[in-house]
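Structure, as structure tokens:
The values are calculated or read from the model by the stated rules, or taken from the named source; none is laboratory data. What you see is a predicted model, and the numbers here were worked out from it, not measured in a lab. With ideal geometry, Cβ positions are generated from the backbone for all residues, glycine too; neighbour counts draw on all protein chains shown. Heads up: the accessible areas ignore ligands, DNA and RNA and are worked out on the full protein's heavy atoms, side chains in. Shrake-Rupley method; radii C 1.70, N 1.55, O 1.52, S 1.80 Å.
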Amino acid sequence: MGDDIAAVRTVTSTIIDSKVGTEDEPSLYILVPFNDPDFGPLIKTTNADVFKGYINSLTPSGGGDFPEMSLSGLQLALTGSPPNSEIFLFTDATAKDESLKNTVIALIEQTKTVVSTSMQM
């Protein structure tokens, strides 16, 4: 799991650096950590470097069973993001909260948000 988080740090840093100072730079950065059985809190900042600091502070916790609360985390991110956002979802597990799938899809469509997922396995 620690290697997965290190990979997420590298990928997110590359994504952020490629957008800073361009018309694609987001006005708001949002992080919603999730695992099992928890998700959140929703963390917001307008500063790319502060956001990188939040990501760099993530540590693996819990474990034991494989599924995580990824859709709950995504739902929280969707409700806390402005319309037309771009959201990146990184996980190394399946969704424990699959019952939220239709709700999350409806939120994605309603907010016109692009969600990119990356399974880190």
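Among the residues of the range 12-38, just one is hydrophobic (A, V, I, L, M, F, W, C) and modelled with pLDDT under 95, namely PHE34.
For every residue, the table says whether it meets (1) in contact with a helix residue (DSSP H, G or I) (Cβ under 6 Å, 6 or more places away or on another chain); (2) among the small types (Gly, Ala, Ser); (3) closer than 15 Å to ASP92 by Cα.
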residue: ILE16; (1), (2), (3): yes, no, no
residue: VAL20; (1), (2), (3): yes, no, no
residue: GLU25; (1), (2), (3): yes, no, no
residue: LEU31; (1), (2), (3): yes, no, no
residue: PRO41; (1), (2), (3): no, no, no
residue: ALA48; (1), (2), (3): yes, yes, no
residue: SER72; (1), (2), (3): no, yes, no
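Could we say that PRO41 is in contact (Cβ under 8 Å) with a residue 60 or more places away in the chain and closer than 18 Å to LEU78 by Cβ here? No.
Taking the stated definitions as given, is SER18 in a loop (DSSP other than H, G, I, E, B) and open to solvent by 40 Å² or more (accessible area, probe 1.4 Å)? The answer is no for SER18.
Of all residues being of a type in the set (D, E, K, R) and out of contact with any helix residue (DSSP H, G or I) (no Cβ under 9 Å at 6 or more places or on another chain) in the range 1-10, which is least open to solvent (accessible area, probe 1.4 Å)? Just the residue, please. Per the criteria, the residue is ASP4. Residue check: SER13 meets all listed conditions (1) more than 20 Å from SER118 (Cα to Cα); (2) open to solvent by 30 Å² or more (accessible area, probe 1.4 Å) but one, namely (1). If the condition is being open to solvent by 70 Å² or more (accessible area, probe 1.4 Å), within 19 Å of THR12 (Cβ to Cβ) and part of a loop (DSSP other than H, G, I, E, B), then the range 98-121 contributes only MET121. Filtered by the rule that a residue be over 21 Å from ARG9 (Cβ atoms) and modelled with pLDDT of 90 or more, the range 39-68 gives a lone residue, PRO67.
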